[in-house]
Amino acid sequence: MPELPEVEILVRHLAPLLSGKRIHSVQVRRARVIRPGSESALNRALTGSTFTTTTRRGKYILFNLRQPNRKSVTLVGHLGMTGRMYLAPSAQTLPKHAAVVINLGKYNLIFEDTRYFGRLILDDSSIEHLGPEPFGRDFTPRHLASALSRSNQSIKIKLLDQSLVAGIGNIYASESLFDAKISPLLPAKNLNPRQIRHLHRSIRKVLQRAIRFGSTVPLDYSGKSPRNRLFYYGSSEKARRHHAERLLVYDRAGKPCPRCATPIRRIVQAARSTFFCPHCQK
């Protein structure tokens, strides 16, 4: 599932392309992704509206628009597990799994989702209870210490709690704990002040690194290759590896730890895979 870095990269790509564009019409091809709303309600709210800004909150994309009556409206997008959003010429044949198509005149903003777990809705209640942004001023070691002190969950599972810090998922939880040299099995409330400081720093470091490696392929490209389902590959055309190949522990079970060469282990926590080095993260 796309996490904060992937969503941030997509937002940075879409924001300048959408700014100032007016919506001509909205076509809903999979009603599931706009529930509990309806196609007619979405059309009434969006048709004639103009995109002002496109931002991110946690793993959510916030499309801020100005309606013809000058009122503001926010369209909330979530990519789910397989969602993609991109601009394509209006004359181009729509892909099979296009869930929502927003016509902007010469171009369509397409929300494509093969499994339809994503959402594109007018209800912003999903972001009301999110924790602080990892790069925001409110996300401090003190905030982290306070939140962890009340939790009996393992630290890996607690990091997936979006009320703790917004945007971290399974991949970057494992990567952050490896960077901080903290065992994913350690109860959250048992982290000492030094570990909390290291974890706070590692979360920011790991997420910033993932964003920095950015994209070298057009984010509006829709192809048939499984590789094309990803939308970030490296920081420039000269980059030799896409970011998934730079991950240090995630999905590397049995491979040598980049620090000590001990084989990376995979365990299951709360039905999610966790990857770690049993030597570096005792």
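What follows draws every value from the coordinates through simple rules; no lab data is involved. Computed from a prediction, not measured in an experiment: that's the story for all the values here. As a convention, Cβ positions derive from the backbone with ideal geometry for all residues, glycine included, and neighbour counts pool all protein chains shown.
When only alpha carbons are used to place a centre, segment 46-124 and segment 137-211 end up 31 Å from one another. Relative protection proxy for 249-261, 83-95, 170-182, from highest mean packing down: 170-182, 83-95, 249-261 (other beta-carbon atoms within 10 angstrom). Counted residue by residue at 0.36 nm each, then reduced by the alpha carbon distance between them, the extension gain from A31 to T140 reaches 35.2 nm.
For segment 110-159, trypsin sites (Lys or Arg not before Pro) are listed when DSSP marks them as loop and at most 14 other Cβ atoms sit within 10 Å of their Cβ; the list is R115, R137, R150.
Most tightly packed first, judged by the mean number of other beta-carbon atoms within 10 Å of their residues, the peptides 41-48, 7-14 read 7-14, 41-48. Put a plus charge on the Cβ of each Lys and Arg, a minus charge on the Cβ of each Asp and Glu, and nothing anywhere else: the dipole of segment 4-127 about its Cα centre is then about 160 debye. Taken over segment 4-127, lysine pairs spaced eight or more positions apart, or on distinct chains, with alpha carbons under 24 Å apart number 4.
Over segment 4-127, all Cα pairs binned in 5 Å intervals from 0 give whole-percent P(r) values of 2, 12, 23, 27, 24, 10, 2, 0, listed from short to long. Legend: P(r) of the chain from all alpha carbon pair distances, 5 Å bins from 0, whole percents, reading 1, 5, 11, 15, 17, 15, 12, 9, 7, 4, 2, 0, 0. The alpha-carbon positions of segment 76-152 define a convex hull whose volume is 133 Å³ per residue. The value of relative contact order for the chain, using C-alpha pairs under 8 Å at least six residues apart, is 16 percent.
What shape does segment 1-62 take by its C-alpha gyration tensor, where a ≥ b ≥ c are the square roots of the eigenvalues and a/c under 1.5 counts as rounded, a/b above b/c as prolate, and the rest as oblate? The shape class here is oblate.
Charge dipole (Cα centre; +1 on Lys/Arg Cβ, -1 on Asp/Glu Cβ; no other charges) of the chain amounts to roughly 600 debye. Here K282 is the anchor, and the lysines within straight C-alpha reach of less than 19 Å, apart from those fewer than 8 places off in the same chain, are K156, K158, K181, K189, K255.
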